[in-house]
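Below is one structure, written out as structure tokens, with a few remarks after it.
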Amino acid sequence: MISQIFILSSKGDHLIYKDFRGEAGSDAVTVFYEKVTALPGDQPPVVMSHGDLHFVHVRQGGLYCVATTAADSSPFTVIEFLNRLMALIKDYCGSLSEKSVRMNFALIYELLDEVVDYGYIQTTSSDVLKNFIQTEAVSSKPFSLFDLSNVGLFGAETQQSKVAPSSAATRPILSSRGEQGGKSEIFVDVIERLCVVIGSNGVVMKADVEGEIRVKCYMPSCSEMRIGLNEEFSIGKSQLRGYGAAVRVDECSFHQAVRLDEFDSHRILRVCPSQGEQTVMQYQLSDDLPSAPPFRLFPTVERDVGGRLLLYLKLRCDLPPKRSVLLQDATTTHTPLCQELSSPDQSAELQPHSRAVVWQIPRFPGGTQLSALFKLEVPGLSSASMLEVGPVGLSFELPKVTATGLQIRFLRLSPVQPGASQRWVRYVTHSDSYTIRI
Amino acid sequence: MPYLGSEDMVRELRRALSNPNVQSDHLRYRNTILKVVRAMSQGVDVSGLFSEMVKACATVDVVQKKLVYVFLCSYASLNPELSLLVINTLRKDCQDPNPMVRSLALRNMTNLRLPSLVEYVEQPLTAGLRDRAACVRRVAVLGWAKLHKLQASSDIDAAVVNELYSLLRDPDPVVMVNCLRALEEILKEEGGVAINKPIAHHLLNRLKECDVWGQCEVLKILERYRPQSEDELFDILSLLDPSLLSPHPPVMAATLSLFLSLCSGLPAASLSALERVRGPLLAACGSASREMRFTALCHIQLLLRSLPGLMGAHYKRFFCGYAEPAYIKQRKMQLLVELVNDENVALVLDELKGYCTDVNTDTAQAAISAIGRIGRSYSDRCLEILTGLLGLKQEHITSAVVQTVRDLVWVCPQCSEAVCLALEGCEETVQDSQGRQALLWLLGVYGERVSSAPYVLEVFIDGLRSEVSPGVKMELLTATMRLFLCRPAETQDMLGRLLHYCIEEETDMCVRDQALFYYRLLHCGIEETRKVLQGRRSDPSLGVLIGRPAEPVNQWARSFNTLEPLKQSAAETESTSGGSPEPVTSVPRPNTDLSLSSLSPSPVDKPPNGVALCFLLLGALEKAEEEDYVCMEEHVHCPAPPRCSPQSLQAALQLVNVQTLAFTPPQTLPWRVYLYTHTRNTHRSTLILGELLYTGEERVKKQPRDDTALKGFLSILATVLHTLSSERA
């Protein structure tokens, strides 16, 4: 049971406020923001309470989406709901940012009205909702750098726009009523998140992949779609299929609506996608990547004669050639620096508050190697401070690559759609956490 | 838009709203209304526009209607009279051929929250229950709950309640779930909606039709149902089993919660349910949403209380990600501490070591204290890491290390050598009061082994005037006193100065009183002082030594799937094993190595009130140290003390239901075994903590005896314990 829902910008502006049960006063918003600002750092705990008020919030796209609720309500439900609400807002408004929420507040109120009644969640299915939602979305400019500034840390959603074939995937789903109506498109994204820890000796200590297949559908009414995965796709350790290199995952779960009659024999998922975005399949793989992790680092940490800390980083990308990567790289250390980078389009800066050197590499072709030399002035450098250097965390995005090797063989809409329909398959691997110890 | 103060803005908007030109152009009209609602959601008080907005309500434009309703529902309570005007429009809309308009009107009619309108609302609500369109029925059902809230005193017609019950058979699953919700609120005083066998089975059969949210609601309500027979129970369980593996965490959690409540009498079944959800929970831990990850982590912590081995093989899933927020990292570290075992300890410590230099100081300190907790079982490796960290000379790190080491030494006195070596030079880096208190405590207790201790204390005493924290001052007093006892020559002078300052000039009453106390104590003579300051000390961590025994699921099942586990702070979990306050004061501080021994799960977790705790000391040949115990000392003259291997002794003791906590290694003297047992009577439960102490001379040291001797001893022990507990009870 949800008592109120409100959305705040990161600066605390009230964007949306809706009270469902009239139990708590509207000062709850202020109370919440005071609590957030009273805490050091930028990471308020998920659940905060103030007397009988319990705030549960999720943070996405730089927005706080907060629900107030009773103590005995299920956190799984509330959090899943808030996430779903944000996804719906994104579906309907095109993107999720302070600007788009501001512009579409009427739409969001309408959405909230249909989704929750008297604090009880009614429905979040976009198929049902599309009959009720009347307001049209005001879309902000399809893609701007401004929106990128709101990229979340795990920005799977937002960063996706960078590799989209066009900005098409960030438009509102309801535009069918508008002038763009004819364009029926469907996007199938295979998104994987890599979580890797590489020890100082170069040994992979941990490698996890969390993957999902996401369908984003812009078709007003979509008939059945068949998604064919690799034939040799296998689940669990025991079962191996086909003769080629196995594509293996540990565990795998499917959306309720997916029909699996052809999955066992042909690895085909049958699904009738509803409008908007949904996750059709989720899978995990731990500790057993089919290929070597994409990046390797050869660090050298020394003290030079002047008492400065020399940090020489050689980074190699082990992907097949012609794949390029967006990369950002951070090391924990101290104060002023001078730098030598191997290429002019890279940049590096020292962030004093987080004591990190951030090395940005816009493109990194596969099979190549980059190096950087940082000289850091460290007051009171001792041999012990060398221990403090590191680890190196890489955040990157590998387009057209999946770490598990999962591929989509084909994508068929079974009764062929009248008119031009476009089907897109995209692959991307993000770094959830890619840590290399020094 | 130019900046306007709120009053100007309201005036401007009112003018626009009442302008006939605007009213005739519905796009402009709608835009103006949009502006009003925008101002409202930004917190501007636009309640003055109420009458204008009421007029705007009568329109065919659904979007405009919705906007106006958003406004009206927010301000209706401020303008009850004007709200009456809306009712007519709303009632008319309830007759509209379009079901969407009907549901909209009905919903907002009940959302106005005006008791005066109740009489107008009842009739459309009753009609709404029988509407053709499901969306209207959904709204109408919840409408009754809202109505009930408005006038809680007046009973809702029994006919309505019956109708709601019959609507549980509605073809639309949302209507069904809403009925449950509404009945739950209306019948709150009677304990909520009645779940009898037909209803329960009906709900279970229709579970599949509901969406995620509906399923959660139904599962939650079913928790109240008690199956009448074992067969029925198992039928329900097997029906629900697939939901345990649901890819939707809310459904999985609600199902598990229901499982736990259904199986409250079948511990084995609940444990196997916990095993089943391991996969989905781990998947939730890797969810893209970090809030979801956090929730899953917190609930895994709960599960581990009953099944400590549940996640053992998956410890790597709890390694922290580089960019994860601090609250997730700290939870993961708490989990890692619980998952440590012989195989993974090296990897886990290596990982935790990496977090100690985290930029976020809270995370770094949490990592350090996590290493300290692991150090209770793997002290050497942990001490190596901790002392290594001192070399960094970072203020917050050193402070956290000193505090951790203090806590560690308390439990594992064998570490004290290494700690004493590491302490040198820390005093320059530690700045915060917590860290300095810890440092002073260490210097006081181990002063004789830290050569620089007097000089460090002297620096503290010289800087006393600028010291603000009373905690540090009190700790300084105690430390100096203790040091004085073992190194009087070096300390005498500074102790005099310290006492003088604290008695004459100090303003904090606690500090002054403590100084006076020590001063008078010194008057009583050095022996008395020694007795007070260096007597047996408490060891609150004996409870920790045993590791956490597996708790029964019922201990936490209630808080599963509520906000409770998410709120629990780290400090709380730290102290849960701290033991009860008064009995521990009598447990002597072990001076010898304590090797950990594993323990069988026995339900000894802070028994309820009325706990009698007594201490039983069994001296074999000699009387132990002279001291007055609050508790009991019992001397059992046993001809041959059992000096067998810990395992066999432990096994033997377990036969008589005595659990062992810790052993000294077999060949050391004095040889000790810590044990406890637990008896439960009808009205009172007794926990007995015992120490078996053997301080015999060398000649008595013998190899393991035969079984009969051991049995004889054990029977004595058992009878002693038995009589003791019966006396106490």
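Counting residues in region B:165-182 that are over 24 Å from B:ILE221 (Cβ atoms) and either modelled with pLDDT of 90 or more or in contact with a Phe, Trp or Tyr (Cβ under 9 Å, 6 or more places away or on another chain) (or both) gives zero. When you check B:VAL348 against the structure, is it in contact (Cβ under 8 Å) with a residue 40 or more places away in the chain and buried (at least 19 other Cβ atoms within 10 Å of the Cβ), yes or no? No; evaluated as a whole, the condition is false for this residue.
Among the residues of region B:234-283, those that are more than 10 Å from chain A (Cβ to nearest Cβ), in a loop (DSSP other than H, G, I, E, B) and either open to solvent by less than 20 Å² (accessible area, probe 1.4 Å) or hydrophobic (A, V, I, L, M, F, W, C) (or both) comprise B:CYS263, B:LEU266, B:VAL277. Within the bounds of region B:94-109, is there any residue that is open to solvent by 30 Å² or more (accessible area, probe 1.4 Å), at pLDDT 85 or above and over 19 Å from A:GLN134 (Cα atoms)? Yes. The residue pairs whose first member lies in region B:297-322 and is more than 10 Å from chain A (Cβ to nearest Cβ) and under 14 Å from B:GLU551 (Cβ atoms), whose second member is open to solvent by less than 10 Å² (accessible area, probe 1.4 Å) and of a type in the set (Gly, Ala, Ser), and whose beta carbons are closer than 9 Å, counting only pairs six or more residues apart or on different chains, are B:SER306/B:SER270. Before we move on, is B:VAL174 away from chain A (no Cβ under 11 Å) and among the β-branched types (Val, Ile, Thr)? So B:VAL174 does not fit the description; no. Of the numbered conditions (1) in a helix (DSSP H, G or I); (2) open to solvent by 10 Å² or more (accessible area, probe 1.4 Å), B:ARG113 fails exactly one; give the number of that condition. Going through the list (1) in a helix (DSSP H, G or I); (2) open to solvent by 10 Å² or more (accessible area, probe 1.4 Å), B:ARG113 breaks only (1). Being surrounded by 21 or more Cβ atoms within 10 Å (Cβ to Cβ), within 14 Å of chain B (Cβ to nearest Cβ), modelled with pLDDT of 50 or more and at positive phi is a property that A:GLY119 has.
In region B:381-395, the residues that are closer than 13 Å to B:VAL419 by Cα and more than 8 Å from every other protein chain (Cβ to nearest Cβ) form Cβ pairs under 7 Å with partners that are open to solvent by 30 Å² or more (accessible area, probe 1.4 Å) and assigned to a helix (DSSP H, G or I), at six or more places apart or across chains, as follows: B:LEU383/B:ALA418; B:ILE385/B:LYS353; B:THR387/B:ALA418.
Within region B:202-233, being in a loop (DSSP other than H, G, I, E, B) and within 12 Å of chain A (Cβ to nearest Cβ) holds for B:CYS210, B:ASP211, B:GLU223. No other residue among A:LYS18, A:LYS11 is assigned to a loop (DSSP other than H, G, I, E, B) and open to solvent by 10 Å² or more (accessible area, probe 1.4 Å) apart from A:LYS11. The residues of region A:49-68 that are farther than 26 Å from A:SER354 by Cα, at pLDDT below 90 and crowded, with 19+ Cβ neighbours inside 10 Å amount to a single one, A:LEU53.
Scanning region B:28-54 for residues that are under 14 Å from B:ALA16 (Cβ atoms), open to solvent by 10 Å² or more (accessible area, probe 1.4 Å) and either within 12 Å of chain A (Cβ to nearest Cβ) or among the aliphatic types (A, V, I, L, M) (or both) yields B:ARG30, B:ASN31, B:LEU34, B:LYS35, B:ARG38. Restricting attention to region A:73-115, the residues being open to solvent by 10 Å² or more (accessible area, probe 1.4 Å) and of a type in the set (Ser, Thr, Tyr) number 3.
Would you mind finding the one in B:VAL472, B:VAL450, B:VAL459 that is among the β-branched types (Val, Ile, Thr) and open to solvent by 10 Å² or more (accessible area, probe 1.4 Å)? From the options B:VAL472, B:VAL450, B:VAL459, the qualifying one is B:VAL459.
The values are calculated or read from the model by the stated rules, or taken from the named source; none is laboratory data. Computed from a predicted model, the values in this text were never measured in an experiment. Because the Cβ atoms are built from the backbone with ideal geometry, glycine has one as well, and the counts that use them run over all protein chains shown. The area values use the complete protein model at the heavy-atom level, side chains included, leaving out ligands, DNA and RNA. Shrake-Rupley method; radii C 1.70, N 1.55, O 1.52, S 1.80 Å.
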